[in-house]
Structures are given as structure tokens and as C-alpha cells.
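A.B. asks: I'd like to ask some things about the structure below.
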Amino acid sequence: MTGTGDSMDAVGFDSTTGFLDRGGCLRTAVRLADASRKERQPLGALWLDLDRFKQVNESFGHLGGDAVIGRLAAQLRDEFSARAEICRMGGDEFVFLVPNCSRAQAEEVAGDVLRAVSQPIELGNIRLRPSGSIGVALFDPVEDPLSFLERADRAMIEAKRLGGGRYVISGDERVPGRLGVLLAREELAIESKIHLALESGGLTLHYQPIIHFDGSIEAVEALMRCNVAGESIPPSKIIPVAEKTGLIVRLGEWSMLNAAQHARHLSDLGLPTRVAVNVSRAQLTAPRFIEALYSAFYCADIAPELLELELTESLFMDISDTVQANLQAAKKAGVSLAIDDFGTGYSCLADLKNIPASKLKLDRAFIRVLPEDKRSLAVVRAIGQLARELGMIVVAEGVETVEQFELLADIGLDAVQGFHCARPMDGQALVAWLRNRR
């Protein structure tokens, strides 16, 4: 907990440090900026990034890195919680929001933070001597809080460019290209909208059927949709920002729970259908993944067989103990696993024999050029034959024409997914669609 009063209301906290997380930082910056305008009091932001912290993670692993972050956080809390709202922006980056802070006071706090960061930390038999780079920004009443934070971030980048172990005041740093500024601002805006969507019901799931060539339903894939204040935000913008900020775990857990609940709804209507949900690398590398998976089963009261996890092929090649343990535990629980977008990653065909998946989904890149591209057809045929001999169901993604559908049926694939058969639809429309097919 940090210390300038009422910031506890409706904000998020980082589990490792107890500091405000990125979402909490954005909201607190908005609140403090409003107060700064009304009371005509200055406001400062210090953006801290630890220097060369990547070497700590590479040398001691992420658990060692988390241990260093935890000790540093305790020290920062003891020394600065009475002077600033402290936020963890992810990884080794922190923001200090300092109310009633002039330039001279901001420079004093920055110097104190650099001294605190540089205190030795014992890790195993090694004494680490960290250092940090700080960007300082003073709030301008005519700017928005996102621009305010972005200026502090930009100043921090300049401090690192100059060699680290120092602070730079916003306005003293070199101004980057306009494109970079706009991109950073857009990402902060999208992040803010994701938080709002999670809290206000702006997220929904649409469903796209996966259909066997005889017309029976293999499963339906759950696809996230985000709408905030009437604005629809496409997944192509949401996912990269969510992955960068760590929000992808919350989005993934939300999707898993809601997909399970819709699977229960379909069963109650006499339309039992497996629902497939995408799972990110960040989810599978989290020790709490299985806990979240079981919570989805219990809350929805469904059999695990009604849920399927779709994973990118690279995840199956992850040799980390946590990923492998989570995959095996999910499989043991009765959940089916599918390799999504197969053929565009970095896996080796020889590794397919070791993958605990029962379904392989061919990437649409192979399908969209059919039937004209004979080389792609040869690849699809060969992968399909190999996967079937390994006991896998083979699904072609992105099927949009009759010609593609008939060609894929002829070469012996098991099922297809794409606009030719059905477009994504909301839960109510899916119920009607399933009833019509019955």
C-alpha cells in the first residue's frame, strides 16, 4: 500500500510489490491531475527503470528477478510511501506520482530514489549493486494525464541513453519522432479502455463453429469482442497491448470463465457443444493457471470435456517446467488441447509426437491460396496425413469458398472453420443457429 490517501478506491495493485499496477497508476494520475488543476498545486511524475536488470533475470531466472524486485519494493515503500503514490508499470519499471511537487522538489525526490535503488542487495552469494534511470515530468494543467506520464517515460529513455544512473527532466531530453509519441499514447489509451471494459461489462464473446464435412459440429471457438463507450476495439489492437502490460492474463481468465458458462448454457438448452478458448503464453507460464481453469469448471458446473484450450504451436515447444506441468494437468483433468495456427511458427514436425494435443488447426495462410497454389495444397495434404496418423483431428481455418471446402474434403481433412460455413456470432445467435441445424 502506498500513501497519499484515497487511491485505494477502484484501482488495481501489483501482486509482487503491493504497489499500484498500470491501471491503478493511470486512474490515480487522472485523479491527481484533476486535483492539481482545481487546487492549482504542482504535480510531479518520476518514471524509474532499473539499469541492466535483464542480466539479473538471465543469471538468476525470473524467480531471482522477482526476489530483487520484492526487496527493492520494500525499501522504496519504507522511504517514499509518505511522499508519493508508487506504481509498478511492469517488469522493472516504477512510477512515483508526487503531489504538490515543484521542479526542485522533484529533483530532490529523484536523487533520493537513485540513492535508495543503489543500495546493495544480496542474492545467493553475490552482492548486486543496482542502479536506475529516471525521467521526471511536471504536470501542465492544459495536458491530459496520459501525455503527462508519456513525457516522464520519454525522459527516462533519454536517461538510459546517456548511460543510466541519472535522472532527466522532461523538456531536457531529445524529442523522438512523432510516430513513436503517438504510438505510445495510443497504447496507454487502449490499456485504459481494456481496464474499463473489464470493469464495466464491455467484453463479450462471439462464437464461430468448427464443422465436420458431414455437417456435425466439432466445437465452437470463443472470440473476444471489446466495446467501450460505443467504440469497438479490434483484437489486433487489444492483444499486443494486453500482452505488453500483463493484462492478457486477466483477459484470458475472463474468457475461460465466460466460455465455460456458455458451454453450460448450451447444455441446459439441450445443445451440448464443446467451446474452445484461446490461451496465451502468459497464462500458461503462471503457476495459478490450473487454479483458474478449475475455477471455471466449478463456477460453470460443467464437465471438463466441454472446454477446449487452443494454444499457439510454440507453446508446446516451451521446455519450462511450469508450462509443461500446466499442459499435462489440463490434459489429465479431461480438457482437450488444440494446436492453433499450425504451420507459421517455429516448431519442428518431428516434435508433434510429443505434443499432448488431440487437434491440429492449420493456419489460414495455407488455405486462402487454395485451390490455385498447388504447393500449399501439397503441404496441407502432408501435414493432414501426419497428424491423422498421430491420432489428431485436423481442422482447416479460414475456409471461405465452396472450392476450398470441397478440395479439403477430397484430401481427407476432418473439419473446417471459416466464413463459408459460419461467421462469428453472439451467444444468442449461436443458440438459434444450433437449433436450426438440429
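The values are calculated or read from the model by the stated rules, or taken from the named source; none is laboratory data. Just so you know, these numbers come straight off a predicted model, no measurement behind them. Note that we place each Cβ from the backbone using ideal geometry, even for glycine, and neighbour counts take in every protein chain shown.
A.B. asks: Quick one: A116 ticks every box in (1) at pLDDT 90 or above; (2) surrounded by fewer than 16 Cβ atoms within 10 Å (Cβ to Cβ) except a single one, so which number is it?
C.D. replies: Unmet for A116, out of (1) at pLDDT 90 or above; (2) surrounded by fewer than 16 Cβ atoms within 10 Å (Cβ to Cβ): (2).
A.B. asks: Only one of G124, G132, G171, G91 is surrounded by fewer than 23 Cβ atoms within 10 Å (Cβ to Cβ) and in contact (Cβ under 8 Å) with a residue 40 or more places away in the chain; which?
C.D. replies: Working: G132 fails: surrounded by fewer than 23 Cβ atoms within 10 Å (Cβ to Cβ); G171 fails: in contact (Cβ under 8 Å) with a residue 40 or more places away in the chain; G91 fails: in contact (Cβ under 8 Å) with a residue 40 or more places away in the chain.
Answer to the selection: G124.
A.B. asks: Looking only at region 296-325, count every residue that is assigned to a helix (DSSP H, G or I), modelled with pLDDT under 90 and not hydrophobic (A, V, I, L, M, F, W, C) and tell me the total.
C.D. replies: Taking region 296-325 as the starting set, the residues that turn out to be assigned to a helix (DSSP H, G or I) are 296-300, 304-306, 313-316, 321-325.
Right, trim to modelled with pLDDT under 90 and you get 313-316, 321-325.
Of the ones still in play, those that are also not hydrophobic (A, V, I, L, M, F, W, C) are 313-314, 321-322, 324.
Total satisfying the criteria: 5.
A.B. asks: Only one residue in E150, E143 is in a loop (DSSP other than H, G, I, E, B) and of a type in the set (D, E), so which one is that? Step through it out loud before you land on a result.
C.D. replies: Numbers: E150 fails: in a loop (DSSP other than H, G, I, E, B).
The match here is E143.
A.B. asks: Filter region 243-289 down to residues that are of a type in the set (V, I, T) and under 22 Å from F13 (Cα atoms), then give me how many there are. Write out each step before concluding.
C.D. replies: To start, the set of residues in region 243-289 that are of a type in the set (V, I, T) comprises 245, 248-249, 273, 275, 277, 279, 285.
Now restrict to residues that are under 22 Å from F13 (Cα atoms): 245, 248-249, 285.
Selection size over region 243-289: 4.
A.B. asks: Sticking with this one: Any idea which of (1) modelled with pLDDT under 90; (2) out of contact with any Lys or Arg (no Cβ under 7 Å at 6 or more places or on another chain) is the one L46 doesn't satisfy?
C.D. replies: Answer for L46: the failing condition is (1).
A.B. asks: Another question, if that's okay. Name the single residue that is farthest from I238 (Cα to Cα) among those in region 183-216 being surrounded by fewer than 16 Cβ atoms within 10 Å (Cβ to Cβ) and among the polar types (S, T, N, Q).
C.D. replies: S216
A.B. asks: Filter region 201-235 for residues that are among the acidic types (D, E) and not in a strand (DSSP E or B) and give the result. Break it down stepwise before answering.
C.D. replies: Of region 201-235, the ones among the acidic types (D, E) are 214, 218, 221, 231.
If the condition is that a residue be among the acidic types (D, E) and not in a strand (DSSP E or B), then D214 is the only one that fits.
A.B. asks: Six or more apart or on different chains, Cβ under 6 Å: which pairs go from a residue in region 64-80 that's farther than 18 Å from G90 by Cβ and in the same structural domain as L46 (by TED's automatic domain parsing) to one that's at pLDDT below 90 and hydroxyl-bearing (S, T, Y)? Could you list them?
C.D. replies: Note: no pairs meet the criteria.
A.B. asks: Separate question: I'd like the full set of residues that are part of a helix (DSSP H, G or I) and either aromatic (F, W, Y) or under 25 Å from D66 (Cβ atoms) (or both), limited to region 28-55. Lay out the reasoning, then the answer.
C.D. replies: Of region 28-55, the ones part of a helix (DSSP H, G or I) are 28-39, 53-55.
T28, F53, K54, Q55, listed by residue number.
A.B. asks: Within the group E85, E39, which residue is more than 26 Å from E187 (Cβ to Cβ) and either surrounded by fewer than 22 Cβ atoms within 10 Å (Cβ to Cβ) or in contact (Cβ under 8 Å) with a residue 60 or more places away in the chain (or both)? First the steps, then the outcome.
C.D. replies: Values: E85 fails: more than 26 Å from E187 (Cβ to Cβ).
Exactly one residue qualifies, and that residue is E39.
A.B. asks: Name the residue that is modelled with the highest pLDDT, counting only residues in region 272-289 that are crowded, with 18+ Cβ neighbours inside 10 Å and assigned to a helix (DSSP H, G or I).
C.D. replies: Among those that are crowded, with 18+ Cβ neighbours inside 10 Å and assigned to a helix (DSSP H, G or I), it is F289.
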